[in-house]
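A short reminder: the numbers here are calculations on the coordinates, not readings from a lab. Everything numeric in this text was worked out from a predicted model, so none of it was measured. Because the Cβ atoms are built from the backbone with ideal geometry, glycine has one as well, and the counts that use them run over all protein chains shown.
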Amino acid sequence: MAMKALKRIPKRQGLDVLARALAAARDYNADAEAPWLITRIFLFGSMLQPVDTVGDVDLVTEVRARYPDEDIDTLFCRERKRLEETAPSRIGSILATAQFEGPGRLQRVSPYVSVVCRMGMLDQLRERGEPCLLIYAHEKLPEADRGEAAANLARFSGTI
């Protein structure tokens, strides 16, 4: 199914969309029932280019199990039970549902949010020389990561 192209938006409006996506990540991570954590979010694409308008807000997310000591079978059994109670039609894609539920919430913030949650995507972007900016680091990550993300986001926001 082809998606209809969106009208380009001012970069300032893209920054508002980005703020809502980051709020959605914090909300998702605050849900103790969610099986995964969004640990890092990187901004890339036209938002980092010297342009006045953008087509979307491109994000790469890193996701990990909320309870890293829990084995994968236990994690999926717990998630399956939760889905049976809340969204039985989604059981068929339990792996995708579990792993991409958090990033999916970011994408639902706005049609202008484009989220990539794929192993190695960040490395691929860097290999192509595309700038990627860490703009979110979960509170369980080291202070250096959180500080870098906060500084990058503040510096980036101040340039628009």
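Net length available on complete extension from residue 156 to residue 32 is 41.6 nm, with 0.36 nm assigned per residue and the Cα-Cα distance removed. Students often get this wrong: which residues of the stretch 4-38 have the backbone nitrogen under 18 Å from the point 7 angstrom along Cα-to-C-beta of residue 67? Residues 29-38 fall inside that zone. Run the paramagnetic zone check for residue 23: 7 angstrom along Cα to Cβ, then residues of the stretch 102-145 with backbone nitrogen under 13 Å. Counting backbone N atoms under 13 Å from the label point, the list is 109-110.
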